[in-house]
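The values are calculated or read from the model by the stated rules, or taken from the named source; none is laboratory data. This one's a predicted model, so the numbers in the text were calculated from it and none came from an experiment. Positions of Cβ are backbone-derived with ideal geometry, glycine not excepted, and every protein chain shown enters the neighbour counts. To get the accessible areas, we keep the full protein, side chains included, count just its heavy atoms, and leave off ligands, DNA and RNA. Shrake-Rupley method; radii C 1.70, N 1.55, O 1.52, S 1.80 Å.
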Amino acid sequence: MIIGKVVGTVICTRKNPKLVGNKFLIVDPMEKMKGYVGDRIVAVDDVGAGIHDIVLVSTGSAARMACDVTTSPVDACIVGIVDDPNKIVIVEQ
Amino acid sequence: MIIGKVVGTVICTRKNPKLVGNKFLIVDPMEKMKGYVGDRIVAVDDVGAGIHDIVLVSTGSAARMACDVTTSPVDACIVGIVDDPNKIVIVEQ
Amino acid sequence: MIIGKVVGTVICTRKNPKLVGNKFLIVDPMEKMKGYVGDRIVAVDDVGAGIHDIVLVSTGSAARMACDVTTSPVDACIVGIVDDPNKIVIVEQ
Amino acid sequence: MIIGKVVGTVICTRKNPKLVGNKFLIVDPMEKMKGYVGDRIVAVDDVGAGIHDIVLVSTGSAARMACDVTTSPVDACIVGIVDDPNKIVIVEQ
Amino acid sequence: MIIGKVVGTVICTRKNPKLVGNKFLIVDPMEKMKGYVGDRIVAVDDVGAGIHDIVLVSTGSAARMACDVTTSPVDACIVGIVDDPNKIVIVEQ
C-alpha cells in the first residue's frame, strides 16, 4: 500500500455501469515516503476520505477486494485514513 | 486509475480471437497529473470515447472486469469519460 | 497494452512444464509511444508474430488469458500484430 | 519479492473492515539491492517483523495469498525475515 | 517475462508457512536487455537454477502459476534457464 494525500476529485457521468455510485479522488503519494514520488492516481474511496486527508491506498487487484462489488473495474482504492500523519514513525538510519 | 487523453488509434487485423470487436485507443497520461508522465498505453474502449476525450483508465486485472468477456487478454480499459477536464479539482499545497 | 517491435528470440530447454511449446520473443517498446521507453520484455507469441513485426502486447495477468492454458506462468503475451505501423494515428497536441 | 528494511509504522483507525487487526509497517527497499531504490511501501506483517528487521516482501496479488483472509485488500505483505543480512550472498560480476 | 542473471541467495528461517521449502535467488535483470535496468528481485526457483545462470523470470500473479501451490505468496519465479545467453538473438535496428 502507499500513503498519499487526497488532493482532488474527478467526475465522470459516462462510465462503466459497475462504477456508478463510486467517488473518485485524486491522491498524491506523500513526499515523506521517499525521494521518487510516483504519479498522482485516481482512487475509489471506501472509507469516507476527504480533501487533505492522509490515506492508505491499495493498488492493483487488491483494490477490488475493498469494493462491495469485487468485479468492479477498479485498480486503486482508499482503504484507510491515517490517524495522525505526524505520528507516522519513520526510523531514519 | 489514471487520467489521460485519447490521442490515437491502432488497428490489428491479426489478433487474439477474444479481442475481436474491441476498439484500441492510444491514451496519453495527463500532464496535469504530475511531473513524471507515464508511457502512452493502448486501452480498450468501454464507454464510447473518442479522440481528444479526457478519460479514466483502469489498468491491470481491473481492466478485464470492465470487458464483457472477463477472460479477455486486456490490461487497460477506458472506464469513464471525464465530464469537464477544467473541473478536475486539484487542491495545491 | 503496449505497442512494441519484435527484436529477438530466446530459447530455454529447461523450463516450467506449462511453458513447453511456447515461443519466446523479445519485444522492444516503440519509441513513437513516448520519451520514456520501457525495458525490453520477453513475451509469449499467440498470433504468429515474427522478427520486425510491430505487435500489441498484453502484460500482467491479462497475458495468461491469451494462452490456451490459463494457468500458464506467463506475464506478457503478444495478442495482436499491428496492420500498418505508419497508420497508427497519433493526434499531437 | 523485494528485500527491504522495516523503518516505521502507520496507524489507521478508520479503515476497511477486512484490514482490522492488521499491523502496517513501512518498508524501505534495501540499497544493497541496486542503484535505483524504489519507493517506501506500506506492507502488512505476516511473520512478526519489527523495526530494523530486514524482510522479504511480496507485492501485488501475491500479498493476499499470505493473509489469513485471501480477499483482504492488501497489495504488499512481509512474508519472511532475513536471517542475517550480512549473509545475503551477492556474487558481483 | 524478463531475462536476468542469478547473482545471489537469501535465507529466511522465519517465513510464511506456504514458502517453506522454497529456494530464494536474487536475480539481476540483464543489461543487454536495455539501458534502464530494473531493480534486483528475489525470485523463487522452479527449474533448478544456480548462481551465474541466465534465467527467464515471470513476475506478478504469473509467478504463482509456476509454483506447486498456486496460493503461494510468490510474486517472481524463475521459469526457465536460457540455453546459451550468447545465442539470444537481438536484431538491432
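Structure notes:
- Averaged over its residues, region D:2-87 has an accessible area of 38 Å² per residue, based on protein heavy atoms and a 1.4 Å probe.
- Estimated FRET transfer efficiency (E:Lys23, E:Val91; beta-carbon r; R0 56 Å; 0.05): 0.95
- The P(r) of region E:2-87 has a tail past 23 Å containing 18 percent of all C-alpha pairs.
- Interface size, chains E and C: roughly 2600 Å² of accessible area buried, both sides included, 1.4 Å probe, rounded to the nearest 100.
- Considering only alpha-carbon pairs that sit under 8 angstrom and 6 or more positions apart, the relative contact order computed for chain D is 29 percent.
- Here the protein assembly as shown is treated with +1 on each Lys and Arg Cβ and -1 on each Asp and Glu Cβ, and its dipole about the Cα centre works out to around 460 debye.
- Inter-copy separations for C:Arg14, label at 7 Å along Cα-Cβ, nm, ascending: 3.4, 3.4, 5.5, 5.5
- Inter-copy spacing of B:Ile90 label points, which lie 7 Å from Cα along Cα→Cβ, given in nm from shortest upward: 2.2, 2.2, 3.5, 3.5
- Pairs beyond 26 Å (Cα-Cα), from D:Lys5/E:Lys15; D:Lys18/D:Lys87; A:Lys23/E:Lys18; A:Lys5/E:Lys15: D:Lys18/D:Lys87; A:Lys23/E:Lys18; A:Lys5/E:Lys15
- Each other copy places its own label point for D:Thr71 at 1.4, 1.4, 2.3, 2.3 nm from this one, sorted shortest first, where the point lies 7 Å along the Cα-to-beta carbon line.
- Partner shielding of B:39-45 amounts to 5, given as the average count of beta-carbon atoms from other chains within 10 Å of each residue beta-carbon.
- In chain D, the beta-carbon sitting nearest the axis that superposes D on C belongs to the residue given here with its distance in angstrom, D:Ser61, 4.
- The fraction of Cα-Cα pairs per 10 angstrom bin, counted from 0 for the protein assembly as shown, comes to 4, 21, 32, 28, 13, 2 percent, rounded to whole percents.
- Charge-dipole axis of the protein assembly as shown as Lys and Arg at +1 and Asp and Glu at -1 on Cβ define it, positive-most pick from E:Val7, D:Leu56, D:Thr71: D:Thr71
- Carbon/sulfur fraction of accessible area - region E:2-87, other protein chains in place, 1.4 Å, %: 54
- Charge dipole of region D:2-87 (Cα centre as origin; +1 on each Lys and Arg Cβ, -1 on each Asp and Glu Cβ, all else neutral): 260 debye, rounded to the nearest 20.
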